[in-house]
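Bear in mind these aren't lab numbers, they're just calculated from the coordinates by the rules spelled out. Computed from a predicted model, the values in this text were never measured in an experiment. Every residue, glycine as well, gets a Cβ built from its backbone with ideal geometry; the counts of neighbours run over all protein chains shown.
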Amino acid sequence: MARKFSTDAGLASNPPAAHQAARRGRPRVAADVAVNDPRVCLPRKKPAPGSHITVWVTGRARAETMARGDLRTILAMLRGPGSAASHAGRMEALYRSQADGYDRFRERFLLGRDELVLHLAPPPGSTVVEMGGGTGRNLERFGDALESFRAVHLVDLSRPLLEVARERRRRLGWRNVEIVEGDATSWRPPGGEPVDRIYFSYSLTMIPDWFRAADNALAILRPGGLLGAVDFHISRKRPAPGRARHGMLARLFWAAWFGRDDVFPSPDILPYLEARTEPVHLAERRGRIPYLPFLRPPYFVFIGRKS
Ligand SMILES: C[S@@+](CC[C@H](N)C(=O)[O-])C[C@H]1O[C@@H](n2cnc3c(N)ncnc32)[C@H](O)[C@@H]1O
């Protein structure tokens, strides 16, 4: 069945081969693409310019394209953020070459974001802020409710990811979403408007002065509003009763593993958020790393109310 062309799809302009692959039980999809699309290899008999042809995409071609995208992302992560003097410069360097594949890879890596959004549940008319919002992928998690919010501010200082967010806003026709290049430790909403929900999704561990960012968020939030965070996490040596305890080796391993990409899971983030708010939801879980199923990084999902 013909499917709309997606730039994610691997393309094979060889229908017989794809039919054979299909008969052998391999997955395949067909894409309807413009023949002047430069990514398409045309059949020997050229169709008229502007006409459309059906291009068969084998499951294998698609998987290969995805693996290439993942490889680019993994190489960028291995290279790390470089040595720019400013934090913003390092964020830009880290994400410049992986902005395109960012969402696909992080969907399998940054877990708990649906849970965070579910528990934030902003009512219609809310003002919502995501600090370190990156590509804006999390805003899609609000579904149709997003349109009912009074205003949404997505704040980040990585220009390559903000570009993806702007493109997403254009494509999805979001009219109430403002995309701001700004620092989570100091950004304030225009006109000091009261904020009902403010959250950090895997950004607190990337902000060197995360306590300033948390304080700033609480200053912006109206009393009774919710502060949310989901992030990688290591426990204290002696965590509070009932909390996950990570052994010394695990704590050292995850600090070294994430530190390469300027991600610094701190044993103090979660206790700080708990101390500064009235906790309403807390879960500590184990995540996943694409291609490395034996590694399960700990993460938390937290929601607290400002009293
Ligand atoms: C791992 S990404 C998470 C992006 C997004 N929240 C998500 O869940 O996909 C962390 C983000 O935090 C941003 N960031 C780091 N330090 C920041 C700061 N001081 N102010 C604003 N954003 C920051 C980075 O640019 C990056 O986009």
Could you give the distance between the Cα centres of the stretch 226-263 and the stretch 124-156, to the whole Å? 27
Under the Karplus curve 6.51 cos²θ - 1.76 cosθ + 1.60, θ = phi - 60°, whole-Hz ³J(HN,Hα) for the stretch 245-260, x wherever Gly or Pro sits: 10, 9, x, 4, 4, 4, 5, 5, 4, 5, 5, 6, 4, 7, x, 4
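Assuming 0.36 nm per residue, please report the length gained on full extension of the stretch K237 to L218 beyond their Cα-Cα distance. It would help to have the intermediate numbers written out before the result.
Working: separation 19, 0.36 × 19 = 6.84 nm, distance 2.75 nm.
Full-extension gain reported as 4.1 nm.
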For a Förster distance of 22 Å, can you work out the FRET efficiency between the beta-carbons of R104 and R79, rounded to the nearest 0.05? 0.70
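Assigning unit charges at the beta carbon (Lys, Arg +1; Asp, Glu -1) and nothing else, what dipole magnitude in debye, to the nearest 20, does the stretch 62-106 show about its Cα centre?
Numbers: 8 positive and 5 negative charges, 10 e Å.
Rounded to the nearest 20 debye, it is 40 debye.
Tally Lys and Arg at +1 and Asp and Glu at -1 over the other residues with C-beta under 12 Å from the C-beta of L273: what net charge comes out?
Values: positive: R276, R305, K306; negative: D215, D231, D268, E274, E278.
For residues surrounding L273, the net value is -2.
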How high is the FRET efficiency from R305 to L172, r the C-beta distance, R0 30 Å, rounded to 0.05? 0.50
Which whole-Hz ³J(HN,Hα) couplings does the stretch 192-207 yield from phi under the Karplus relation 6.51 cos²θ - 1.76 cosθ + 1.60, θ = phi - 60°, glycine and proline marked x? x, 4, x, 10, 8, 9, 9, 8, 10, 10, 6, 10, 4, 5, 9, 9
3J(HN,Hα) from dihedral phi, the stretch 107-122, Karplus parametrisation 6.51/-1.76/1.60, rounded to Hz, x for glycine, proline: 4, 9, 10, 9, 8, x, 6, 5, 4, 4, 5, 4, 7, 6, 5, x
Shape descriptors of the stretch 104-164 over alpha-carbon atoms, Rg and Dmax in angstrom, are 11.8, 33
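Taking 0.36 nm per residue of separation and subtracting the Cα-Cα distance, what length does fully extending E147 through E181 add?
Working: separation 34, 0.36 × 34 = 12.24 nm, distance 2.21 nm.
Computed gain between E147 and E181 is 10.0 nm.
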Report the normalised scattering of the stretch 85-305 as log10 I(q)/I(0) at q = 0.10, 0.13 Å⁻¹, calculated by the Debye formula with identical scatterers on the alpha carbons. -0.42, -0.72
Hull volume in cubic angstrom per residue (convex hull over the Cα atoms of the stretch 209-307): 107
